[in-house]
Each structure stands twice: as structure tokens, then as C-alpha cells.
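Notes follow once the structure below has been shown.
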Amino acid sequence: MKSRKLLCAVFTVFVLSLTSCVRKNSSDGKIKMCVLVRSMGTPFMRELVAHLRSYAEEADVELAIYDGNDDVAIQTDQLKTQLTYGTKYFIILPVTSGCTEQYSRILDSKGGYAVFTNQAPTIEALKLSNHFYVSMSLEISAGDFQAEILDGYFKKYPERAPGKIVKILYFDGQYGHKAQVNRRIGFMEGMAKRGYTVDVLAEDSANWSDVQAREMMFRWFNQYSGVFNAVVSENDAMALGAIDALLKRNYTDDPDNPSKDVDGDGTVLKIPVIGVDNTKEAKVSMQAHQLYATVLQDSAGQAGIAFELMYECAKNGTAEGYTTKAGITGAKEISKEYPLTDASILSQCYIVPFKPVTE
């Protein structure tokens, strides 16, 4: 019996020693952050994550990145697992806005911190604690910039929109996604205030996917060829999918020379196609005079602010009142786009502006 007790005591000391060693090895002085990405399936997501890797490397921060595969259950498990491993600092690109309150409650119970980026959290998620922040762009402004770009096009070529009536094919992102809802609002309101009547000939969600948009464009082309005078997409990937279909249908200024912008309007296509994100692929398409224009969603800016806020929390226990290297502070004014509709959490919201890109 005594020998068994002695053996148990020795084993307990061994386990405690081993645990101590593991803790020491994990406490190498580096700040550890975790990035939870809803999905790495789009160019913009990959760009944003690449920027985060770069910032972490520059600051000597250990960064773990996990793909949630667009599944709330998977992303929730990833969050819980990393908290169990002792990680406290998270940058989260949530699968949905609706899941963010649950994430905040889980984090708050373990003393964790988070910056939500790209997809805004709910007001309730931010209200739970000043440990939670958001680095975002106001999606309504992206849609408004698309309207501004299209207005500029038809001011140059008014005969292509007689009576300021624009007949469009419209590609939505994932239905219910904050960007999908607000980019559409921004575009429609933007066109209306500029005096246009928008006739939406066809509209559907291609879920941010170039593949889905391509197949959709083939179907729409058969029905609306020669009728529509613009294609508007809520991201670049869908815009490029639509362009690929239009090129395959020879819907260009000169089908015999599809790389030539015959009329000099900035696109080889018969109509302008406009996206959002300003991805690398979009830039290449614009250089080839295929994509007419896009709107810069600043992946570097969103990633940079998110990283800076979490780094500040790791260093000082809070990012309250922080001013970023680019001079951006917490929001000062309420907006009709949540979460900036609630004045009590404005200081936790850091806004990265969109910018129109036409060349």
C-alpha cells in the first residue's frame, strides 16, 4: 500500500513537472494570437489573411490561423479549443454576424479579447465588454461608390442609358450577409439620388463565387442579351465570373478582336461590369480592359487595424482610446449601418474607408 502511495506521489510530481515544462516552453515571451477565418475560399479573404501574417511576422507575434469552412459550429469549436490552450487574443472573421454574440460570451467567460473584422458583430456582442472591437468598412458606401462610377460612365455615354434608365444584371453576395444587404442599399440609393431609374432585369445570389456567377451569367445572357446596359456585382470574384461568361459569348466591341477596346470606353465588353474589393485578379482584369471598375475594400487596412488593436490589448490590457498608425480612432458619429447605430459602442468601432478604383 505504501509503495503504491509512493508511486502515485512520484507520478504526480512527474506530471506537474511536465506541465510546468510545457507552460515554460509555451511562454517564450511572444504574444500569441489566433485568427479565425470564416472561409479561405475567396481572393479577398486570402489577401486579408496574408496581410495579417505579414504584420505578425514584423511584430514577432506568433499567429495561428484556422479556416472555419463557412460553418458556425466549426468556428465555435475552434474558438473554444484555442481558449482551452490558453490563447486570449483573437482576430475573428465570423461566419455570420448573428454568431458573434455567442463568441463574445464564450470569450468573456475566459477573459479573452477579440477584434471582429470584415463582417461586423452585433451591437450586443460589442456591449458585453470593452475587450471587443471591430475593424470594418461601411458597406453602404461601397454600393454608393458603385453608383458614382456608373453615373460617371453614363455621363460620358448618355445615349447608352436613354432617359437615365439603367437596365442591370445584379449579383448578390451571400443573402443576409451584412455586405450583401448594405452594398445593395448603397447602390440603389446612390443611383436614385443621382436621378436614375434602375430596372433590375435579373438578380440572384452567387454567394461571392466566380463559378456560380459564371453559370448564372450564361443563363441570363440567353434571356437578356442586347437588353442590359450594365452588370453590377457585390464583389470582384462574381464580377470576374460574369466577365468570363460574357467573353465566352463574344459580347465584346469586336468579337474578332476581343482584346481591343474599340470605342475607347475603358472596357472591351459592350457594357460596363463593376465589382467591389480591388483584388489582385480584379486589377489584372482592369489592365486588360475587361472589368470596368471596382471599389477598394482595403484588406491591408482592415487587417492592419485589427492587428494593431489586438496587439495593443496584449501589451496594455485594453485598446480603449487607441489611435492607429494611420490616424484612425474609434468612430465618433452614429450611422444607419449597424453596429454604428448605437452611440454607446462607437469607441469600439474602427472604420476603414472604401475608395473607388477606375484605372
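The values are calculated or read from the model by the stated rules, or taken from the named source; none is laboratory data. In this text, all values refer to a predicted model and were calculated from it rather than measured experimentally. Neighbour counts run over all protein chains shown; Cβ positions are idealised from the backbone, glycine included. Just so you know, the surface numbers come from the protein's heavy atoms only, side chains and all, with ligands and any DNA or RNA stripped out. Shrake-Rupley method; radii C 1.70, N 1.55, O 1.52, S 1.80 Å.
With a threshold of 20 Å on the Cα-Cα distance, the over-threshold entries among Lys260/Lys280; Lys127/Lys332; Lys164/Lys260; Lys80/Lys178; Lys88/Lys315 are Lys260/Lys280; Lys164/Lys260; Lys80/Lys178. How many times 2.2 N^0.38 Å is the alpha carbon radius of gyration of the stretch 220-355? Scaled against compact globular proteins, the figure is 1.44.
With the convex hull of the Cα atoms taken as the outline of the stretch 318-359, the averaged projected area works out to 4.1 nm².
Rounded to the nearest 0.05, the FRET efficiency derived from the C-beta distance between Lys283 and Ser54 at R0 = 25 Å is 0.85. Rg of the Cα atoms in the stretch 88-152, relative to 2.2 N^0.38 Å, amounts to 1.37.
Here Lys164 and Val200 are evaluated by their C-beta separation; at R0 = 25 Å the FRET efficiency comes out at 0.95. For the stretch 24-95 versus the stretch 136-163, the inter-centroid distance based on Cα atoms is 37 Å.
Close amide H contacts of Asn118 (hydrogens built in the peptide plane, cut-off under 5 Å, sequence separation of 5 or more or a different chain): Ser135, Ser137.
When peptides 290-296, 350-356 are ranked by their average number of other Cβ atoms within 10 Å per residue, the highest-first order is 290-296, 350-356. The angle between the Cα long axis of helix 178-193 and the longest principal axis of the Cα atoms of the chain comes to about 30 degrees, rounded to the nearest 10.
Along its first, second and third principal axes, ordered by size, the chain spans 96, 42, 32 Å in Cα coordinates. Taking the DSSP bridge list for the chain and keeping only pairs wholly inside it, about 10 percent are antiparallel. Charge dipole (Cα centre; +1 on Lys/Arg Cβ, -1 on Asp/Glu Cβ; no other charges) of the stretch 52-129 amounts to roughly 320 debye. With 0.36 nm allotted per residue and the present C-alpha distance subtracted, the Ser39-Thr358 stretch has 112.0 nm of extension available. The peptide list 314-325, 126-137, put in order of mean Cβ contacts within 10 Å with the highest first, becomes 126-137, 314-325.
For the pair the stretch 259-304 and the stretch 191-230, the centres of their Cα atoms are 17 angstrom apart. Model label sites at Asp342 and Ile65, defined 7 Å from Cα along the beta-carbon direction, differ in position by 3.1 nm.
Under Stokes-Einstein, with the Kirkwood radius over Cα pairs as Rh, the value for the stretch 156-259 at 20 °C and 1.002 mPa s is 150 µm²/s.
Per atom type, the chain shows carbon and sulfur on 53% of its accessible surface, probed at 1.4 Å. At the listed q of 0.09, 0.13 Å⁻¹, the Debye profile of the stretch 53-212, built from one uniform point per Cα, gives log10 I(q)/I(0) equal to -0.43, -0.74. Taking all protein chains into account, the per residue accessible area for the chain stands at 45 Å² (1.4 Å probe).
For helix 236-248, report the angle its Cα long axis makes with the longest principal axis of the Cα atoms of the chain; keep it between 0 and 90° and round to the nearest 10°. Around 40 degrees separate the two axes.
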